[in-house]
RNA sequence: GCGCCUGUAGCUCAGCUGGAUAGAGCAACUGCCUUCUAAGCAGUAGGCCAAGGGUUCAAGUCCCCUCAGGCGCACCA
């Protein structure tokens, strides 16, 4: 049950009825028969609370249609509004706003909803059980994860949680790029380090475009410790393959471990190589051929993107017969949307891949899949700073800075919260030095502190024999201080916030919501005491803060952040 | 050159299908702990919403143009 939505519906119905009556009375002109006036009625929460609980601009919207002054229209509507016990008073203000002041009953019923639903409060049925896959991070398995993956991880994981709350059947997936060029490069790099370790630095030249990181040499060294030098006599291809098989598995295990530490658990780890082995890549290309979107040139097979209104054509199969990443990606999305029958696929990509979005969607259209079934959340890249300067390498270790390095300096709670503070589209500078120094300033502690404070009061009162009462035994109407009401209002907002976060694919809304909720609580805490002589009032406030505790804990759990009872 | 993203307080960012006086946090300043956790609260100050045009009763929000920054434009992924 979404209380706010119900209240809005009540108001829409009332306004609509007022309109209809006014038209019947002849106080307002008759609109065209095909005009759906009801759909134009949008009550919204005014920024300024003195403008009522909900405001509606319908009179201004209809001014032109009716050729009347907005205030006149508003007066006609208001004088014909049906009686409604939830509406305390209605005022016409400003240019023609109709402001609704409601009784507090709807706010009080929030406490009942929280009691009934517990930590599930806030869940809605926007998704109606539709199957959606969120694919995120999908970091290159040739090395450890960087700061961008840290942001993408927090973003994707929380987006998945938000969609779960919104009623979708969500699968989290990691796409392992264990095929293609970068694996080839990985193999060449490993091979070079392997030979250098056994036969000396000068025995083989390190590939120009190879992976320079120390982790490559470490893999080669560990490989030698296990297998000795027996691979030296094999063909280069056999040796490379053995090295790749060994190092890739190690890397994947490390990726899994790092992500688990970051509290991200995937339902599926999907390997690109399986798409090649199963023939799905070939089938995707055949399908494109069949539908007339391919042609051959210079010995390569091309996708005719110009035919789909795009500027540039793309290679699907190289001259050497090896399919491109793009071809595999088309097969992958066919696998998601056709083979595995997901209704909706969401990918979290770094903004540097934005050029790929339109191509991918068009390619889906070309194989007969509705492109709107794929959404891509583009995340702006993280620019890593250290001591106020742009940093590429960690000054401490000399290696590039990884997710695990980050988690040495700041807590998982702080990292997840920080990376979900801003919308995906905002460019982000991340100063590791500052983050480590000021981790106490991280707003996550502000929210956790609110939770701990509530727990502390509950503990104290419990020791004195006072427990939280059931909603039906509490005189909630005693809650009427401004800070009590704004806290109630904020609690009431959660389902609506979930809805907006899900619709806009912006989990950062929820992070900001829970901060605002904490603000409401802290204000309440400073202006109203819970432990007061008036037992009825104490019980009402106790109910209020316990409900707040449940909501904060629930939201933090959704974001996979701990909710400490003491700080 | 073409395309995508961004530009709002000193700094980092919100601003919901256009709505009433543009909001937070940090930094600065002033108050509030013998009473439930001061990791908190209340308040002051800080703005030509990058510049210019347009649409509208109404523009930070929509359209056009310019400027600045980031990122793309491979038989890489």
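The values are calculated or read from the model by the stated rules, or taken from the named source; none is laboratory data. Quantities reported herein were computed from a predicted structural model and do not represent experimental measurements. Cβ placement follows ideal geometry from the backbone for every residue including glycine, while neighbour counts extend to all protein chains displayed.
The condition (being on the phi > 0 side of the Ramachandran plot, more than 15 Å from the chain's Cα centre (by Cα) and surrounded by fewer than 21 Cβ atoms within 10 Å (Cβ to Cβ)) is satisfied by just one residue among A:122, A:129: A:129. Within the option set A:320, A:335, being surrounded by 15 or more Cβ atoms within 10 Å (Cβ to Cβ) and either in contact with a helix residue (DSSP H, G or I) (Cβ under 7 Å, 6 or more places away or on another chain) or on the phi < 0 side of the Ramachandran plot (or both) holds for one residue only, A:335.
If you take just the helices (runs of 4 or more DSSP H) that sit entirely in region A:411-477, which of them hold at least 2 residues that are within 28 Å of the chain's Cα centre (by Cα), more than 12 Å from RNA strand B (Cβ to nearest atom) and surrounded by 15 or more Cβ atoms within 10 Å (Cβ to Cβ)? Steps first, answer last, please.
Details: elements: A:412-419, A:432-437, A:443-463.
The helices (runs of 4 or more DSSP H) meeting that bar are A:412-419, A:432-437.
Among strands (runs of 3 or more DSSP E) entirely within region A:264-367, having at least 1 residues that are within 30 Å of residue A:502 (Cβ to Cβ) singles out A:268-271, A:344-350.
Here's the yes/no breakdown for (1) more than 16 Å from RNA strand B (Cβ to nearest atom); (2) under 32 Å from the mean Cα position of the chain (by Cα):
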residue: A:261; (1), (2): yes, yes
residue: A:295; (1), (2): no, no
residue: A:313; (1), (2): no, no
residue: A:318; (1), (2): no, no
residue: A:323; (1), (2): no, no
residue: A:329; (1), (2): no, yes
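Among (1) in contact (Cβ under 8 Å) with a residue 24 or more places away in the chain; (2) part of a helix (DSSP H, G or I); (3) within 10 Å of RNA strand B (Cβ to nearest atom), which single condition is residue A:500 missing? Going through the list (1) in contact (Cβ under 8 Å) with a residue 24 or more places away in the chain; (2) part of a helix (DSSP H, G or I); (3) within 10 Å of RNA strand B (Cβ to nearest atom), residue A:500 breaks only (1).
Tell me the residue from A:553, A:540 that is surrounded by 22 or more Cβ atoms within 10 Å (Cβ to Cβ), modelled with pLDDT of 95 or more and more than 12 Å from RNA strand B (Cβ to nearest atom), please.
A:540
Being modelled with pLDDT of 95 or more and more than 19 Å from residue A:400 (Cβ to Cβ) is true for just one of A:236, A:201, A:225, A:205. Which residue is that? Going through A:236, A:201, A:225, A:205 in turn, just one is modelled with pLDDT of 95 or more and more than 19 Å from residue A:400 (Cβ to Cβ): A:225. What are the pairs, 6+ residues apart or on separate chains, where a residue within region A:48-64 that is more than 15 Å from residue A:92 (Cβ to Cβ) has its Cβ under 7 Å from a residue that is modelled with pLDDT of 90 or more? Within 7 Å, the pairs are A:53/A:100; A:53/A:101; A:53/A:102.
When residue A:264 is tested against (1) surrounded by fewer than 17 Cβ atoms within 10 Å (Cβ to Cβ); (2) under 15 Å from residue A:139 (Cβ atoms), exactly one condition is not met: (1). The residue that is farthest from residue A:249 (Cα to Cα), counting only those in region A:153-178 that are within 14 Å of RNA strand B (Cβ to nearest atom) and touching a strand residue (DSSP E or B) at 6+ places or on another chain (Cβ under 8 Å), is A:155.
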